[in-house]
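Q: Before we start, here is the structure in question, set down as structure tokens.
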Amino acid sequence: MGPSMRAAVYRRRGELEIVDVARPRADDDLCLIEIDRCGICGTDLHMVLDGWGRPDSIGGHEWAGTVIEATDRSLVGRRVVGGPEEPCGACPHCRNGRANLCAGRDQPGVTPTQGAFAEYVARPWSRLVAVPEGLDLHRAALAEPLAVALHAISQASLATDDRVMIFGAGPIGAAIAAVLADHQHPVRVVEPSAARADLAARLGARVLEPADLPAPGMPMDVADDPADVVFECSGRSSAMERGLAQLERAGRLVLVGTGMAPPAFDPNRILLNELVVTGAYNYDDDGFARALDLLADPGFPADALIEPQPVGLDDLLDTMRRLARGDIAGKVMVKPR
Ligand SMILES: [Zn+2]
Ligand SMILES: [Zn+2]
């Protein structure tokens, strides 16, 4: 048997086992990367706590690390983040420049590709994105969720004077708020959790409680002080419904948070006000490069978005439960070694 490594293996709903597994190997196609940090994503919570995962898989897709073995010796020592998984390149979405919608793409934790809740991963160089000089790996591991946030903003076709409301200041909602604050774009954040509301306020947002929101009666009635764009990042059906009700005529609701319970939308509200409901999935083609540039910018509040203390693999499951309860405001980084 070759060298082993520690990894968090998903067994079944609510169950992660920290075990020794075979360490992946470098070959002519694959570089071996030592993981420095891997962020815990809302998707990981669904995989583990809601049972969406593939049994015996290793999740974790928001990672940063260092290449330690590669056939091309010049790559050894390069600091990288995991970029978008390989799209098929042949489907209509790939050919139309929307590879984020490719259904033939790998997804660690769902497909057999091993994720980074482990000490090492092996990936082709073409799937890695170099970390800019001077950016530490703790911050660089935020590149993936920040790329998701940037894509959500792209999906909103935001104009400079659009009034923006964000539902949910978990990692994606807070990242959207941080990007817009960076552009001096005012935002309102709706967030019931005290820890997350506090984070949103630190990012410069005006924080509202769900109970503060107007509930316009008739489908053609527009709420007082409406929003042109709502980003729904909580995944809760009640927030999706309230978010839609806050829209100005011709407003856009961008669904970013995945949830288990479907919302009840009034179709007449959508019809009479010509509302647009859309989703945001994955990244723009240049999303990782833009995210890493932002993270390397000392003016961008990356530190506010990340919990300062990383957790070990042994604390991963407990931390997932705390994140699902909204007890933790920022992105939690796992330090597998
Ligand atoms: Zn993610
Ligand atoms: Zn494709």
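Q: Which of the residues spanning segment 305-337 are part of a helix (DSSP H, G or I), at pLDDT 95 or above and in contact with a helix residue (DSSP H, G or I) (Cβ under 9 Å, 6 or more places away or on another chain)?
A: 305, 316, 317, 320, 321
Q: Output yes when any residue across segment 81-99 is within 13 Å of residue 128 (Cβ to Cβ), touching a Pro at 6+ places or on another chain (Cβ under 9 Å) and open to solvent by 70 Å² or more (accessible area, probe 1.4 Å), and no when none is.
A: Within segment 81-99, the first condition is being within 13 Å of residue 128 (Cβ to Cβ), and the residues that meet it are 81-86.
When the remaining residues are screened for being touching a Pro at 6+ places or on another chain (Cβ under 9 Å), the result is 82, 85-86.
Filter once more, so that each one left must be open to solvent by 70 Å² or more (accessible area, probe 1.4 Å): 86.
Within segment 81-99, one or more residues are within 13 Å of residue 128 (Cβ to Cβ), touching a Pro at 6+ places or on another chain (Cβ under 9 Å) and open to solvent by 70 Å² or more (accessible area, probe 1.4 Å).
Condition check ((1) within 16 Å of ligand 1 (Cβ to nearest atom); (2) over 20 Å from residue 288 (Cβ atoms)) across all residues:
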{"position": "7", "(1), (2)": "no, yes"}
{"position": "14", "(1), (2)": "no, yes"}
{"position": "23", "(1), (2)": "no, yes"}
{"position": "68", "(1), (2)": "no, yes"}
{"position": "71", "(1), (2)": "no, yes"}
{"position": "83", "(1), (2)": "yes, no"}
{"position": "87", "(1), (2)": "no, no"}
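Q: Also, quick follow-up: Just give me the residues in segment 91-107 being more than 6 Å from ligand 2 (Cβ to nearest atom) and assigned to a loop (DSSP other than H, G, I, E, B), in sequence order.
A: 96, 97, 98, 103, 105, 106, 107
Q: With the structure loaded, tell me whether residue 57 is surrounded by fewer than 19 Cβ atoms within 10 Å (Cβ to Cβ) and not charged (D, E, K, R) or whether it fails that test. So that I can check it myself, show each step before the final result.
A: Working: surrounded by fewer than 19 Cβ atoms within 10 Å (Cβ to Cβ): no; not charged (D, E, K, R): yes.
Spelling it out, it is not the case that residue 57 is surrounded by fewer than 19 Cβ atoms within 10 Å (Cβ to Cβ) and not charged (D, E, K, R).
Q: Does residue 61 count as modelled with pLDDT under 95 and in contact with a strand residue (DSSP E or B) (Cβ under 8 Å, 6 or more places away or on another chain)? If you could, list the steps in order and put the result at the bottom.
A: Numbers: modelled with pLDDT under 95: yes; in contact with a strand residue (DSSP E or B) (Cβ under 8 Å, 6 or more places away or on another chain): yes.
Spelling it out, residue 61 is indeed modelled with pLDDT under 95 and in contact with a strand residue (DSSP E or B) (Cβ under 8 Å, 6 or more places away or on another chain).
Q: Still on this structure, please answer the following. Given the structure, is residue 97 of a type outside the set (A, V, I, L, M, F, W, C), within 16 Å of residue 280 (Cα to Cα), more than 16 Å from ligand 1 (Cβ to nearest atom) and not assigned by TED's automatic domain parsing to the domain that holds residue 236? Working first, answer last.
A: Working: of a type outside the set (A, V, I, L, M, F, W, C): yes; within 16 Å of residue 280 (Cα to Cα): yes; more than 16 Å from ligand 1 (Cβ to nearest atom): yes; not assigned by TED's automatic domain parsing to the domain that holds residue 236: yes.
Here the answer is yes, as residue 97 does meet what is asked.
Q: Give me the residue from segment 1-26 that is outside any strand (DSSP E or B) and under 14 Å from residue 120 (Cβ atoms) and, out of that set, most open to solvent (accessible area, probe 1.4 Å).
A: Kept after step one, since they are outside any strand (DSSP E or B), are these residues of segment 1-26: 1-3, 13-14, 23-26.
Now drop any that are not under 14 Å from residue 120 (Cβ atoms), which leaves 2-3, 23-26.
Details: 2: 34, 3: 70, 23: 59, 24: 29, 25: 160, 26: 32 Å².
Restricting to residues being outside any strand (DSSP E or B) and under 14 Å from residue 120 (Cβ atoms), the top hit is 25.
Q: While we're on this one: Checking residue 158 against (1) at pLDDT 95 or above; (2) of a type outside the set (Lys, Arg); (3) not in a loop (DSSP other than H, G, I, E, B): exactly one of these is not met. Which one?
A: (3)
Q: Report whether or not residue 85 is within 16 Å of ligand 2 (Cβ to nearest atom) and either in the same structural domain as residue 320 (by TED's automatic domain parsing) or without any contact (Cβ under 8 Å) to a residue 60 or more places away in the chain (or both). It would help to see each step written out before you state the result.
A: Numbers: within 16 Å of ligand 2 (Cβ to nearest atom): yes; either in the same structural domain as residue 320 (by TED's automatic domain parsing) or without any contact (Cβ under 8 Å) to a residue 60 or more places away in the chain (or both): yes.
The answer is yes for residue 85.
Q: Further question on the same structure: Pull up segment 120-136, narrow it to residues that are open to solvent by 30 Å² or more (accessible area, probe 1.4 Å), out of contact with any Phe, Trp or Tyr (no Cβ under 8 Å at 6 or more places or on another chain) and more than 21 Å from residue 307 (Cβ to Cβ), then point me to the one that is farthest from ligand 2 (Cβ to nearest atom).
A: As a first pass, look at segment 120-136 and keep what is open to solvent by 30 Å² or more (accessible area, probe 1.4 Å): 124-127, 129-130, 132-134, 136.
Subset that is out of contact with any Phe, Trp or Tyr (no Cβ under 8 Å at 6 or more places or on another chain): 124-127, 130, 132-134, 136.
Then drop every residue that is not more than 21 Å from residue 307 (Cβ to Cβ), which leaves 124-127, 130, 132-134.
Values: 124: 17, 125: 21, 126: 15, 127: 15, 130: 24, 132: 29, 133: 33, 134: 35 Å.
Once the filter is applied, the top-ranked residue is 134.
Q: Separate question: Could you pull out the residue among 270, 306 that is touching a residue at least 40 places away in the same chain (Cβ under 8 Å) and among the β-branched types (Val, Ile, Thr)? I'd like the intermediate steps shown before the answer.
A: On the way: 270 fails: touching a residue at least 40 places away in the same chain (Cβ under 8 Å).
Result: 306 is the single residue among 270, 306 that is touching a residue at least 40 places away in the same chain (Cβ under 8 Å) and among the β-branched types (Val, Ile, Thr).
Q: Among the residues in segment 197-211, are any acidic (Asp, Glu), in contact with a strand residue (DSSP E or B) (Cβ under 9 Å, 6 or more places away or on another chain) and without any contact (Cβ under 8 Å) to a residue 40 or more places away in the chain? Explain how you work it out, then say what you get.
A: Initially, segment 197-211 is screened for residues acidic (Asp, Glu), giving 198, 209.
Now drop any that are not in contact with a strand residue (DSSP E or B) (Cβ under 9 Å, 6 or more places away or on another chain), which leaves 198, 209.
Imposing the further condition that a residue be without any contact (Cβ under 8 Å) to a residue 40 or more places away in the chain reduces the set to 209.
For segment 197-211, residues acidic (Asp, Glu), in contact with a strand residue (DSSP E or B) (Cβ under 9 Å, 6 or more places away or on another chain) and without any contact (Cβ under 8 Å) to a residue 40 or more places away in the chain: present.
Q: A follow-up question, please. What's the number of the only condition in (1) closer than 15 Å to residue 137 by Cβ; (2) surrounded by 15 or more Cβ atoms within 10 Å (Cβ to Cβ); (3) out of contact with any Cys (no Cβ under 6 Å at 6 or more places or on another chain) that residue 67 fails to meet?
A: Every condition holds for residue 67 apart from (3).
Q: All but one of (1) farther than 30 Å from residue 165 by Cβ; (2) at pLDDT 95 or above; (3) open to solvent by 60 Å² or more (accessible area, probe 1.4 Å) hold for residue 139; which doesn't?
A: Here residue 139 clears every test but (1).
Q: Turning to a different aspect of this structure: In this structure, does residue 34 turn out to be free of Cβ contacts under 8 Å to residues at least 40 places away in the same chain and either on the phi < 0 side of the Ramachandran plot or open to solvent by 20 Å² or more (accessible area, probe 1.4 Å) (or both)? Working first, answer last.
A: Values: free of Cβ contacts under 8 Å to residues at least 40 places away in the same chain: no; either on the phi < 0 side of the Ramachandran plot or open to solvent by 20 Å² or more (accessible area, probe 1.4 Å) (or both): yes.
So residue 34 does not fit the description; no.
Q: Additional query: Would you pick out the residues in segment 276-296 that are out of contact with any helix residue (DSSP H, G or I) (no Cβ under 8 Å at 6 or more places or on another chain) and either of a type in the set (Ser, Thr, Tyr) or not in a helix (DSSP H, G or I) (or both)?
A: Result: 276, 286.
The values are calculated or read from the model by the stated rules, or taken from the named source; none is laboratory data. What you are looking at is a predicted structure, and each value in this text was computed from that prediction instead of being measured. Don't worry about glycine lacking a Cβ; one is built from the backbone with ideal geometry, like all the others, and counts go over all protein chains shown. Remember, those area values only see protein heavy atoms, side chains included, never the ligands or the DNA or RNA. Shrake-Rupley method; radii C 1.70, N 1.55, O 1.52, S 1.80 Å.
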